[in-house]
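Asks: Below are the structure tokens for one structure; questions will follow.
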Amino acid sequence: MTNGDQHNRTRFLNLAMIAVFDIAGPLVAYSLLRSAGQSAVTALVLSGALPAVGVAAGLIRHRRVDAIGILVLAGIAVGTVLGLLSGNPRLVLVEGSVPTAVFGLLCLGSLWARRPLIYRFAVEFIGADTPKGREFESLWQYYGFRHTFRLFTVVWGVTYLAEAAARIIIVETTSTGTALTVSKVMPYVVAAALFAWMFAYGRHARREGERLAAEAQAEAQVAAQGAAEPAAREARAATSVR
């Protein structure tokens, strides 16, 4: 199997796990459990076990602790405990806002750290020990690069806090089924929008950097020509005197 085939297989497996454990699975399980006469709280708690299984499977498959996965598990645990103790299905649904809000706060808090969180995620994704990763890390010396990733981190932090607030509002103002559907779909819509914006902004920033570099090079050439002209005139004058 080639590296490309392996990459496609891994990507397909990841998408399948998201579809089964995070989106379609919980929605189908909730609907079936409600049809079987289970209460809304029981149906939500049991259907919420599927995302937890998905996170656990990812931890086992990658053999490392995933901070986002741990936050998701913590949110599921909080929502389950609150729902069972109170009997209120809305408290179970609010669990999705816990890891979302925590992640947003971590993003904003990392702005005071040596490296912002989104930059660290990018390095982890590229591979710090790879040639491309080392080249990527070397770009941190440039102000424009640092500014871009700090901006990315701010936008991610604010967006995820807004998403957490929106989830709570949706849970409190819509039916349990609608709130469950939105809570499963919204994270992927928000993440896709953020990645699309990052890609567009990155292309714009790169073009702007190339334009400024070209202007600086042109100014340097003009300055060099201006400095060379007096020397040329002096050389011509010296030749005419001889």
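Asks: Among the residues of the stretch 163-186 satisfying the criterion of being over 15 Å from LEU27 (Cα atoms) and open to solvent by less than 60 Å² (accessible area, probe 1.4 Å), which is nearest to the chain's Cα centre (by Cα)? Walk me through how you get there before you give the answer.
Replies: First pass over the stretch 163-186, keeping only residues over 15 Å from LEU27 (Cα atoms): 163-174.
Retained after the next criterion (residues that are open to solvent by less than 60 Å² (accessible area, probe 1.4 Å)): 163-167, 170-171, 174.
Working: GLU163: 13, ALA164: 15, ALA165: 18, ALA166: 18, ARG167: 18, ILE170: 23, VAL171: 24, THR174: 28 Å.
By that ranking, first place goes to GLU163.
Results for (1) touching a helix residue (DSSP H, G or I) at 6+ places or on another chain (Cβ under 8 Å); (2) assigned to a helix (DSSP H, G or I); (3) at pLDDT below 70, shown as yes or no for each residue.
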position: ILE18; (1), (2), (3): yes, yes, yes
position: ASP22; (1), (2), (3): yes, yes, yes
position: THR42; (1), (2), (3): yes, yes, no
position: ALA57; (1), (2), (3): yes, yes, no
position: ARG61; (1), (2), (3): no, yes, yes
position: GLY75; (1), (2), (3): yes, yes, yes
position: GLY83; (1), (2), (3): yes, yes, no
position: PRO99; (1), (2), (3): yes, yes, no
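Asks: Take the conditions part of a helix (DSSP H, G or I), within 21 Å of the chain's Cα centre (by Cα) and more than 30 Å from VAL28 (Cβ to Cβ) and apply them to PHE121. Does it pass?
Replies: yes
Asks: Looking at the stretch 99-133, which of its residues are hydroxyl-bearing (Ser, Thr, Tyr) and in contact (Cβ under 8 Å) with a residue 40 or more places away in the chain?
Replies: Matches in the stretch 99-133: THR100, SER110.
Asks: Return the only residue of PHE152, PHE136, PHE145 being open to solvent by less than 60 Å² (accessible area, probe 1.4 Å), part of a helix (DSSP H, G or I) and either in contact (Cβ under 8 Å) with a residue 24 or more places away in the chain or on the phi > 0 side of the Ramachandran plot (or both).
Replies: PHE152
The values are calculated or read from the model by the stated rules, or taken from the named source; none is laboratory data. Computed from a predicted structure; not experimentally measured. Note: ideal-geometry Cβ built from the backbone for every residue, glycine included; neighbour counts use all protein chains shown. Side chains are part of the model used for accessible areas, which takes the heavy atoms of the whole protein and leaves out ligands, DNA and RNA. Shrake-Rupley method; radii C 1.70, N 1.55, O 1.52, S 1.80 Å.
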